[in-house]
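To start, the structure under review is shown below, and the notes come after it.
The values are calculated or read from the model by the stated rules, or taken from the named source; none is laboratory data. Keep in mind it's a predicted model, so treat the numbers as computed, not measured. FYI the Cβ positions are ideal-geometry reconstructions off the backbone, even for glycines, and counts take in every protein chain you see. The area values use the complete protein model at the heavy-atom level, side chains included, leaving out ligands, DNA and RNA. Shrake-Rupley method; radii C 1.70, N 1.55, O 1.52, S 1.80 Å.
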Amino acid sequence: MNNQNQKLRLGDILVEQNVLTEEQLDAALEEQRKSHMRLGQQLVSSGATTDAAIAHALQRQLGVELIDLRFTRVSPEVLGLVPGSVLRRYSALPIEFDRDGSNTLLIAMSDPLDVNAQDDIEVITGCRIELRIAIESELQAALDRYFGSDEAMSSAEQYANEREALALEEAAMASAEEADVNSAPIVQLVRSIIEQAVRQRASDIHIDPLERQVRIRYRIDGTLTEKMLYDASLMPAITTRIKILGGLDISEKRKPQDGRITMNIDKQEYDIRLSALPSYFGEKLVLRLALASGMTRALNELGLREKELVKFRHIISNPNGLMLVTGPTGSGKSTTLYTALSTLNREEVNIITVEDPVEASIPGINQVQVNVRSELTFANVLRSILRQDPDIIMIGEIRDGETAAIAVQASITGHLVVSTLHTNSSAATITRLIDMGVEPFLLADALVGIIAQRLVRRLCTHCRKPHTATGEEKYLLGLDPREDVKIYEAGGCNRCGDTGYFGRIGVYEIMDVSPETRRMIAAHGTTEQIREQAVAEGMETLNQAAAQYVIEGMTTLTEMLKVSFDV
């Protein structure tokens, strides 16, 4: 195998398999000479191809099996054969011993042409190597899964040792904290925490200062899970390092601060919002992770069913009026708004947003960030925006009566205004705005549509467990008690991290405001009356939409009840 590999070059294989053109290969090789990256990394980084395309091309050319590491479990005995640092260096992972009883170890590699790596692993293990090809991103995620915590702990221990040694030096001129925070171990530790969060699909990282420990938790698919515990002595250095990354004042420890970090992880740019909050044992840090390109999607990627998509398109096609997206924090409102704006973003349309903060940059759209210190409040900015000849205005959130009144006035005077509000349902949004001081007759004239939404965890299709619905479950789902219905509950496997869930899906309640609903709003109709009218006109409630997902086997009854508990 080694001799054969020595005769082959990755670039030639990719050209032969029509993954690259000769021109693309020449350009990549030229860039590689400057960047000193491996060719595969250079090609993926430049966008010429993907790591998956490279892996499949190598599989076809070499006839080596491609292994899916998402579904592969490796025993501790096999993992212990090669140090994690060596596996990181060579992008390799031992899988198992060959079942034929020989002294042959199966190794997954993203670059099966790396003969030196194979030779080194053979020497370390004393085994004959049999190769499997793996996709680079899956391989890095697997290495994180098996070695990430150990590597982070090693960095933490190294930092602690350096700190202890530094404390013994009498001639230290700078403060220990500022000197420590630039040390390689703490930089590596913080980056490792963020990288592992990204690879485990976390939306948030919580760094909690406890009395004797630092607790690291990741929010994955909406649920917080503890991932690491460190000694409390590391908290000042972790906090300072993250503050430096986020552009915060490291000397200010008594006031809340907000910042932003941009970081490239696995060839993708992430926009990280940072919040520091003073607490009893130190500053609690929360980092919200988002792909820089992840907020803007195609409409069909939001998870809307066909009939919901038709309603959504009809609402945003209005030339003027007020469209609202409602739901609790973390329900995907911003993603829905950004998607709507991206759909409407054309050369002939002037779109201006006012946000706190700007969550993602959209080319071609004018985005303004609220700054209370500079008196750039939502209301003040909106008054200025109306003099900027806008066609479409996006308000990040309607927080008070003044902002609500200006938004309604703007929508009546020929602008399409889109915004968010924290309410439990579409109908409750109307009464909330009236409680804020908006006149019902103005609101009735302004509203064109309201979208209430939630996110529920999607069942992992590889381990979900079917069962026949009980009488109580059928009642909660609104089904005929005499009907036999199969629904699913969460299992647990390697792919979903033993949670039973993988990813989330949107649940929507879309109210397309009709003439009859307008009359009801103007006549001071109650929330229940408006809701009943909308349902009579075909609106599917959040509860009904979530129940349909349960019946289709996409989520569980437990997730449905979270959505419909307060509606």
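Observations, loosely collected:
- Tally, over region 222-249, of residues that are modelled with pLDDT under 90 and part of a loop (DSSP other than H, G, I, E, B): 1
- Qualifying residue in region 539-546 (condition: exposed (fewer than 15 other Cβ atoms within 10 Å of the Cβ) and in contact (Cβ under 8 Å) with a residue 24 or more places away in the chain): no
A quick yes/no check of all residues on (1) modelled with pLDDT under 90; (2) over 28 Å from the mean Cα position of the chain (by Cα); (3) on the phi < 0 side of the Ramachandran plot:
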{"residue": "PHE281", "(1), (2), (3)": "no, yes, yes"}
{"residue": "LEU285", "(1), (2), (3)": "no, no, yes"}
{"residue": "ARG297", "(1), (2), (3)": "yes, no, yes"}
{"residue": "ILE316", "(1), (2), (3)": "no, no, yes"}
{"residue": "SER361", "(1), (2), (3)": "yes, no, yes"}
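- Per-region count, region 411-433, residues among the β-branched types (Val, Ile, Thr), under 31 Å from the mean Cα position of the chain (by Cα) and at pLDDT 90 or above: 5
- Within region 509-524, being aliphatic (A, V, I, L, M) and either within 13 Å of THR429 (Cα to Cα) or in a helix (DSSP H, G or I) (or both) holds for ILE510, MET511, VAL513, MET520, ILE521, ALA522.
- Looking across region 218-244, the residues that are open to solvent by 30 Å² or more (accessible area, probe 1.4 Å) and within 16 Å of LEU277 (Cα to Cα) come down to PRO236, ARG241, ILE244.
- Applying a threshold of 6 Å to beta carbon distances and a minimum spacing of six or more residues, or different chains, the list of pairs starting in region 192-217 at a residue that is free of Cβ contacts under 8 Å to residues at least 40 places away in the same chain and ending at one that is open to solvent by 40 Å² or more (accessible area, probe 1.4 Å) reads GLN213/LEU229; ARG215/LEU229; ILE216/LYS227; ARG217/LEU224; ARG217/GLU226.
- Candidates LYS465, LYS474, filtered to the one that is modelled with pLDDT of 90 or more, among the charged types (D, E, K, R), over 28 Å from THR423 (Cβ atoms) and crowded, with 18+ Cβ neighbours inside 10 Å: LYS474
- Of all the numbered requirements in (1) closer than 23 Å to ASN116 by Cα; (2) modelled with pLDDT of 75 or more; (3) open to solvent by 30 Å² or more (accessible area, probe 1.4 Å), ASN18 misses one, and that requirement is (1).
- Counted residues, region 421-456 - those being open to solvent by less than 40 Å² (accessible area, probe 1.4 Å) and assigned to a strand (DSSP E or B): 10
- Count of region 36-48 residues which are closer than 15 Å to LYS267 by Cα and either open to solvent by 50 Å² or more (accessible area, probe 1.4 Å) or in contact (Cβ under 8 Å) with a residue 60 or more places away in the chain (or both): 8
- Counting residues in region 72-87 that are open to solvent by 20 Å² or more (accessible area, probe 1.4 Å), acidic (Asp, Glu) and in contact with a helix residue (DSSP H, G or I) (Cβ under 7 Å, 6 or more places away or on another chain) gives zero.
- Number of positions in region 372-387 that are within 11 Å of VAL354 (Cβ to Cβ) and open to solvent by 90 Å² or more (accessible area, probe 1.4 Å): 1
- All positions within region 505-525 that are open to solvent by 70 Å² or more (accessible area, probe 1.4 Å) and either of a type in the set (A, V, I, L, M) or touching a Ser or Thr at 6+ places or on another chain (Cβ under 9 Å) (or both): ALA523
- Selected residue [out of contact with any Gly (no Cβ under 6 Å at 6 or more places or on another chain), surrounded by fewer than 21 Cβ atoms within 10 Å (Cβ to Cβ) and in a helix (DSSP H, G or I)] from ARG288, ARG273, ARG297, ARG313: ARG313
- Selection count where residues are out of contact with any Phe, Trp or Tyr (no Cβ under 7 Å at 6 or more places or on another chain), more than 23 Å from GLU528 (Cβ to Cβ) and open to solvent by less than 10 Å² (accessible area, probe 1.4 Å), scope region 397-407: 1
- LEU382, sole failed condition from (1) under 24 Å from ALA545 (Cβ atoms); (2) in a helix (DSSP H, G or I); (3) touching a helix residue (DSSP H, G or I) at 6+ places or on another chain (Cβ under 9 Å); (4) not hydroxyl-bearing (Ser, Thr, Tyr): (1)
- In the set ILE129, ILE95, ILE67, ILE121, only one residue is over 28 Å from GLY497 (Cβ atoms), buried (at least 18 other Cβ atoms within 10 Å of the Cβ) and at pLDDT 80 or above; that residue is ILE129.
- Some residue of region 525-542 being of a type outside the set (A, V, I, L, M, F, W, C), outside any helix (DSSP H, G or I) and under 18 Å from ARG458 (Cβ atoms): no
- Selected residue (criterion: most open to solvent (accessible area, probe 1.4 Å)) from residues of region 333-362 that are touching a residue at least 60 places away in the same chain (Cβ under 8 Å) and assigned to a loop (DSSP other than H, G, I, E, B): SER361
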